[in-house]
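This report refers to the structure that appears directly beneath it.
The values are calculated or read from the model by the stated rules, or taken from the named source; none is laboratory data. As the structure is a computational prediction, the values presented were derived from the model and not from experiment. Counting neighbours? That spans all protein chains shown, and the Cβs are built from the backbone with ideal geometry, glycine included.
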């Protein structure tokens, strides 16, 4: 295994690699070897296809006084398979009405004022309310400029004439044998199309990383972006998985997030699980800015109301959620297994693989994702009565979970819900028989479920500041100690420093 690591990385400070007794400096873009570093610099300066590739932000940081800072790339990753391909913006420029937009960028609207009105109406009113607004005498008055769209359907036609991103779809989910109060509709977009849309956005051209790399400060490993983590290197070199990626493959790490939220105003009580996606190729400080729009909504997961015994209603809802995730992410799973062609912001064609590396959710959602019962940790073998004690429990084995579900399915029909649920609870599982991550290459809930800081860090500190009296503060000590232990053990896993198998 050690030889694989040495073979995969450069062996000195930056791009140095030993080969046949001669020091060679390969171009990080096209892998052309150069004997002298000066030749490499000339190549990077003169070749327009190679000099545009951004260098990770971590390699720009200067060393401190008396500090030695070194970095090295993975040499088998991030190859380029084509040049001058249309990125996301250039594909939008190929729209049917682009010639009209040379004179009016807001076409088919008359100008910015009309576009802002249309945008406000679409975002805040339904079709009936829009029609009523457009019929007002104030709007139809000849003393002011009237909008070019006269009805709600005409406004929707105008909106359809604008350049589009990945298309929204609606799929009806069948729940054979179990009746719901309303039909179950999944509103979604192809997650792979959304990933390609973000990956090719030229706005992020200077803030993206395509190769795993290592940073050392005075010999100590420094962790920052996901590409600098051990997890990135393990996937690229397949040290743990024994399933090597093709030479030159580019990892496109998928980050998901979701939470239950109401989607109707004042009445109706309709709730869904909006699910969002971004990629860890984008620098984290850019990715976490709301104004950067690096996150895209990929689905509104339904929460159906079943007419059945309340004891297993939540289980049926969880099964529907996993089925919906299968539909939305099917092409992402295929790309994680066999790869997919993707155009980066610079118009360079890359061979991308899409492992799921992080999923941000609260504790109940994490339990639903990992398919464990409500009194069980989603990432360890600890149960509720053991939460907060001083023992470090073994990480949950995702393959073991799948084996247990398979064995249960062979003994009990999963659609005999009550029997299957009771048998699953004996193994601290929820009873979801087909987790969405079961066939997603490199996906492991122990790894991709990120520690949920809102209800740990923020809640603990708010309790401390709001508590009055020594008794309440002393009562918090056990929770605080457990919180510190969780941070100490979860942080290395989140950053990719420690694999779950190394903690056994």
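Here are a few things to note about the model shown:
- Taken as a whole, the structure places residue 382 among residues that are surrounded by 14 or more Cβ atoms within 10 Å (Cβ to Cβ) and farther than 30 Å from residue 252 by Cα.
- Residues in the range 114-128 that are surrounded by fewer than 12 Cβ atoms within 10 Å (Cβ to Cβ) and over 15 Å from residue 158 (Cα atoms): 124, 126, 128.
- Within the range 334-352, the only residue that satisfies the criterion of being within 17 Å of residue 441 (Cβ to Cβ), in contact with a helix residue (DSSP H, G or I) (Cβ under 6 Å, 6 or more places away or on another chain) and not in a helix (DSSP H, G or I) is 342.
- Any hit, the range 207-230, residues being within 29 Å of residue 303 (Cα to Cα) and within 31 Å of the chain's Cα centre (by Cα): no
- Residue within the range 425-443 that is under 23 Å from residue 358 (Cα atoms) and assigned to a helix (DSSP H, G or I) present: no
- Positions within the range 63-78 being in a loop (DSSP other than H, G, I, E, B) and on the phi < 0 side of the Ramachandran plot, in sequence order: 63, 64, 65, 67, 68, 75, 76, 77
- Condition check for residue 318: within 19 Å of residue 353 (Cβ to Cβ), more than 13 Å from the chain's Cα centre (by Cα) and assigned to a helix (DSSP H, G or I): no
- Just one of (1) crowded, with 16+ Cβ neighbours inside 10 Å; (2) in contact with a helix residue (DSSP H, G or I) (Cβ under 7 Å, 6 or more places away or on another chain) fails for residue 392. It is (1).
- In the range 402-421, residue nearest to the chain's Cα centre (by Cα) [restricted to those that are outside any loop (DSSP other than H, G, I, E, B), surrounded by 14 or more Cβ atoms within 10 Å (Cβ to Cβ) and free of Cβ contacts under 8 Å to residues at least 24 places away in the same chain]: 420
- Filter result (in contact with a helix residue (DSSP H, G or I) (Cβ under 9 Å, 6 or more places away or on another chain) and in a helix (DSSP H, G or I)) within the range 275-308: 284, 285, 286, 287, 292
- Taking the criterion of being in a strand (DSSP E or B) and either at pLDDT 95 or above or within 25 Å of the chain's Cα centre (by Cα) (or both), the residues of the range 355-401 that qualify are 356, 357, 358, 359, 360, 372, 376, 380, 395.
- From 171, 148, residue being assigned to a loop (DSSP other than H, G, I, E, B) and in contact (Cβ under 8 Å) with a residue 40 or more places away in the chain: 148
- Yes/no for residue 143 being surrounded by fewer than 15 Cβ atoms within 10 Å (Cβ to Cβ) and at pLDDT 90 or above: no
- Residues within the range 162-196 that are within 30 Å of the chain's Cα centre (by Cα) and over 30 Å from residue 353 (Cβ atoms), tallied: 7
- In the range 100-120, the count of residues that are under 27 Å from residue 263 (Cβ atoms), in contact with a helix residue (DSSP H, G or I) (Cβ under 7 Å, 6 or more places away or on another chain) and modelled with pLDDT of 95 or more is one or more.
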